[in-house]
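Comments concern the structure below.
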Amino acid sequence: MPANISPSIPSPRSVADKSDKSALLAAIRMALQVESSAVRHNTQSFNRGRYAATSAIPDYETLKDKARAIKEDSLARLPELLAALEASVSRNGGHFHLAPTAADASRYVAEVCREAGVRLVVKGKSMTSEEIGLNRALDALGIQVVETDLAEFILQVADEQPSHIIAPAIHYSRERITALFKRSFRTDLPLATGEELTAFARGRLREKFLQADAGITGANFIAADSGTLVLVESEANIRMASLLPPLHIAIAGVEKIVPSRKDFGPFLELLAASATGQPMTSYTSVISPPLKAAPVLAEGDAPPRQFHLVLVDNGRLNLGQDECLREALYCIRCGACLNSCSNFQTVGGHAFGGETYSGGIGGTWESATRGLQNARFSELCTGCSRCVPQCPVRIDIPWLNTVLRQRLGQLDVGKRPAPNPLAPSADSGASLSRLFFARYDLLAKWGSRFPKFSNWIGQFAPARVLLERLFDVDRRRHLPLFASPTLVEASRQLRLDQPQARKDGSSRKSVLFADVFTNYGSISRGLAALRVLRALGVDVVVSNVVADGRATLSQGLIAAAARQAERTVALLRPYLKDGRDIIVVEPSVLAMFHHDYRHLLKSGPAGELLQTLRERSFEATEYVGMVLQENQINAAEVFPALRHPLGTKLFYHSHCQQKTMGCAAPTELLLRAAGFDVVTSQVECCGMAGSFGYKKDFYELSLAVAEDLFAQVRKAESGGRRILVASGTSCQEQLQAGLGRPVLHPLELLGETLRQAVVASVP
Amino acid sequence: MLAPLFERFSRAAIDAGATVEQIPRSSTALASAIRRVTGEARRIAFANAIDLPSDPFEECRRAPNVVTARSRIELSSLDAGITEAFAGIARTGSVCVSVDHGEAGTISLLARMHIAVLASETIIERPADLFRPDCLGAKGLHRNFVFITGPSATADMGPLVRGVHGPHRLHLIVLA
Ligand code: SF4
Ligand code: SF4
């Protein structure tokens, strides 16, 4: 343990097993104190690199479809492909072993090494070998295993578990590596730069490469018809391990199989671009071992080459039977879902991860290979969805984590997790705290009936202590105020809910969906939307309020969310029939329609309407932009930014799910077209993410996530104050909490310019 | 319009940290190109070519700094290793080197600098093309090989460092 770290901070190893929640909380504290700045710096640089590299692939979306299709096909035909691969490997002269368990895989490798008289093994980075605990098995036989990937080398020296699936030592800054090496190797060399550290490690490892009796690698892809492996790397240690020693053992999960070499194509470009942001990494070996060229030896005659392919099941075949989680097997371990995740960027995989696997996809993997209780860290997935468009095989990562959340709840109350998440009993494990956050709609309904009382409660210290004890609502958080009248009531009172037939103006008919957040919370956003749309001549009415399922889904109450989804679709059906577009103010609710409902409404009449709902529902600001464009209205004329009393300079933060749905850019465009000087945030998510930031356990983490956002505001304001604008309710709360100033919705901003313009035009 | 293959190949390879030159297709031109890049090198080695016609390195082999004895230790102290590449990839700036014919695999791996020589007509568009049976005589389907894209590199020690376990420098010579 580094000297400057207090002994009260746990070591990463001691919090790797998070089957107990206290380990998760300790890990978060440790990560925030020790590892956060390196993780943030490194993941964000990967993240930028990936955006640049994937945007340079002209057929990126098509490649992802192809990759997904190959994976679906391969996993569907797994038994057949395993048999074909076994035949290919023996035809090539190698040995094939299918290991049912981690222990069996380790035992087999240890046995092969023992028989070959191996004393020294050089090993390339392989998460699968971490998963099966291989090094311990070889140690027990007195066989020395040297990790040769520099990140794994660091971890071996420090005795820590990986904190990232492609960059396992991502939590180490250069300074901490220097300190670690100086301490462990007792050297006086300065080791003060990346070059010096690399040269030092290279020198030590070169000797090992030249002496090793065996090389152990993983494999990124394996072709069944030819026994060909694809090995992707940058440092050349995997080339060394597979080429120099006479014995090569490759260990990989069964999911790495694809039918043939021609299926490698899409992955070669996607993996490197998604992982490190390069067109390709330095080395991608495509080999069908055993190789024929004689191994180069120190001296004397070379023994014949030997090759063993160890394919590991260890829960994967069961995972393949799991209707909900199966798609995790398509994962090509690129790490994009880690690098694009705000929570991961802030704490890394020692907190947001288990013994081997980390990040949004890690929960499912730990659950499949070690057990559901080891997936507890998946609670750090807020469902923000930023990883979804980044995944090269289109895995719906937040959905996997929602299912895990529901199952963990059942596990906690001693039930066997139900395989069907829509079965009503599947929700039965939800804790009091989850129920509290899930039923925000009920709370808000009653809260807004008695607004004085409920809003007073929200500020009354003893009540906050109670809320914290009972429901985990952090007492330091400002609670959103309940509105009275609600949006539905106010729109009636103001006669903003009447259909209007107009000769000029837009021919569009629409309904504003009164989502619970807008209806009971920030009604001014809703009213602004109505005023703006009416001014543009859109015939707009207001729906009744109904819980759409977002709050329940976020707490893992999937069956309840499905029932709410059905009710919501029933409410919207007549409007759709009537030719009305559905306008949604809260982006997370629109994301339910566009994205999450497909998991909840699989069949029945609601399911059939889903496609229409998806096509005809819009984010409110995006919709305004569309109407302007269709009617060739100049934004600067209706919404003259210059007339805004607070000025024209603003800082705009779009909502995470809004970005994923592609409707963040239209808002930015519209604000600029109106004449505003817009600086936009460059973060994936604000860290509030609905209920996440309100929870006592995650309050510090949530604010730590937001530090980047706050810093960007401060930087943008170095030349003077800007109006703060955000599209999501919880983003507004987070910005207000961090900067202590009110935050507007884009339509409130535009609505005000409209009003000022009208006032000015009255003689 | 896309730029010609060679230009894109060369730009991508340079982005990946390699150096690239195009020379006329003659053994004298090749010998002098190799001499230029290996000028300071005390120990260099050639892997036998299998794709380029005749023996392209015949003239170069006469240089006094060429070593022929081969053991791991000796190969490990090479200043430069010269191999051919059977394909270049325009989109990624990679070259494909066979690793299972003679010593190309080890030489391209253990030397401090790797020089790869390829014929311009073997530059293809993207990595996936290599696995088509009609591409370059199906070499991609039949061989054990490695896509090499720039020198070995790591970001594990903080900033990006070029030169880890493999070559610190990659020089590509394209025969026009
Ligand atoms: S949905 Fe958001 S929080 Fe969850 S893993 Fe993906 S990026 Fe992270
Ligand atoms: S889930 Fe997708 S994005 Fe995440 S590591 Fe796997 S392939 Fe990459």
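The values are calculated or read from the model by the stated rules, or taken from the named source; none is laboratory data. What you see is a predicted model; the values in this text were computed from it and never measured. Glycine gets a Cβ as well: all are built from the backbone with ideal geometry, and neighbour counts include every protein chain shown. These accessible areas exclude ligands, DNA and RNA; they are computed on the full protein's heavy atoms, side chains included. Shrake-Rupley method; radii C 1.70, N 1.55, O 1.52, S 1.80 Å.
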Honestly the range A:653-763 on the Cα gyration tensor test (a ≥ b ≥ c root eigenvalues; a/c under 1.5 rounded, otherwise a/b vs b/c for prolate or oblate) is just prolate
With the range A:637-677 reduced to its Cα atoms and the Debye formula applied, log10 I(q)/I(0) at q = 0.19, 0.21, 0.22, 0.26 1/Å amounts to -0.58, -0.67, -0.72, -0.86
Per residue of A:259-265, other chain Cβ atoms within 10 Å number on average 4
Note on the range A:142-162: residues buried by at least 10 Å² of accessible area once partner chains are added (vs chain on its own, 1.4 Å probe) come out as A:Leu150, A:Ala151, A:Ile154
Using a 1.4 Å probe on heavy atoms of the protein chains only, the accessible area for A:Trp446 in Å², nearest 10, reads 140 Å²
Heavy-atom accessible area of A:Asp17, protein chains in place, probe 1.4 angstrom, given in Å² to nearest 10, is 70 Å²
In this structure, among A:Lys445/A:Lys577; A:Lys602/A:Lys659; A:Lys64/A:Lys262; A:Lys182/A:Lys208, pairs with alpha-carbon gaps over 23 Å are A:Lys445/A:Lys577; A:Lys602/A:Lys659
Diffusion coefficient in µm²/s returned for chain A by Stokes-Einstein, Kirkwood Rh over C-alpha pairs, 37 °C and 0.692 mPa s, is 118 µm²/s
Looking at the range B:84-99, residues buried by 40 Å² or more relative to their chain on its own, accessible surface at probe 1.4 Å, turn out to be B:Arg91, B:Thr92, B:Val99
Rounded to the angstrom and largest first, Cα extents along the principal axes for the range A:73-138 equal 38, 26, 20
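Note down the net charge around A:Phe471, summing +1 for each Lys or Arg and -1 for each Asp or Glu among other residues with Cβ under 14 Å from its Cβ.
Here the count lands on +4.
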Looks like the range A:336-451, by Cα gyration tensor root eigenvalues a ≥ b ≥ c and the a/c under 1.5 rounded cutoff (else prolate when a/b is bigger than b/c, oblate otherwise), is oblate
Taking only protein heavy atoms and a 1.4 Å probe, the highest-to-lowest accessible-area order of A:Asp73, A:Asp441 is A:Asp73, A:Asp441
With every protein chain in place, the residues of the range B:145-168 shedding 40 Å² or more of accessible area versus the chain by itself (probe 1.4 Å) are B:Phe145, B:Val146, B:Phe147, B:Thr149, B:Ala153, B:Asp156, B:Met157, B:Val161, B:Val164, B:His165
Rounded to a whole number, the Stokes-Einstein D of the range A:448-583 in µm²/s (Kirkwood radius over Cα pairs; 37 °C; 0.692 mPa s) is 196 µm²/s
Counting only protein heavy atoms and leaving out ligands, DNA and RNA, the solvent-accessible surface of A:Phe185 at a 1.4 Å probe, in Å² to the nearest 10, equals 50 Å²
In the protein assembly as shown the accessible area split gives carbon plus sulfur, as whole percent at 1.4 Å, a share of 54 percent
Asked for the total accessible area buried by B and A (1.4 Å probe, Å², nearest 100), one would answer 4400 Å²
The range A:487-761 accessible area per residue, 1.4 Å probe, protein heavy atoms, integer Å², reads 37 Å²
Per residue of A:199-209, other chain Cβ atoms within 10 Å number on average 3
Expressed as a whole number, the average count of other chain Cβ atoms within 10 Å around the Cβ atoms of A:238-244 is 6
Of every Cα-Cα pair in chain B, the percentage lying beyond 26 Å is 25 percent
Relative to the compact-globule estimate 2.2 N^0.38 Å (N residues), the Cα gyration radius of the range A:487-761 stands at a ratio of 0.99
Expressed in angstrom, Rg and Dmax over the Cα atoms of the range A:2-63 are 17.6, 52
The orientation-averaged projected area of the Cα convex hull of the range A:54-316, in nm², is 14.7 nm²
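For the range A:110-213, build the convex hull from the C-alpha positions and give me its volume per residue in Å³.
On the way: hull volume 10.5 nm³, N = 104.
Dividing the Cα hull volume of the range A:110-213 by its residue count gives 101 Å³.
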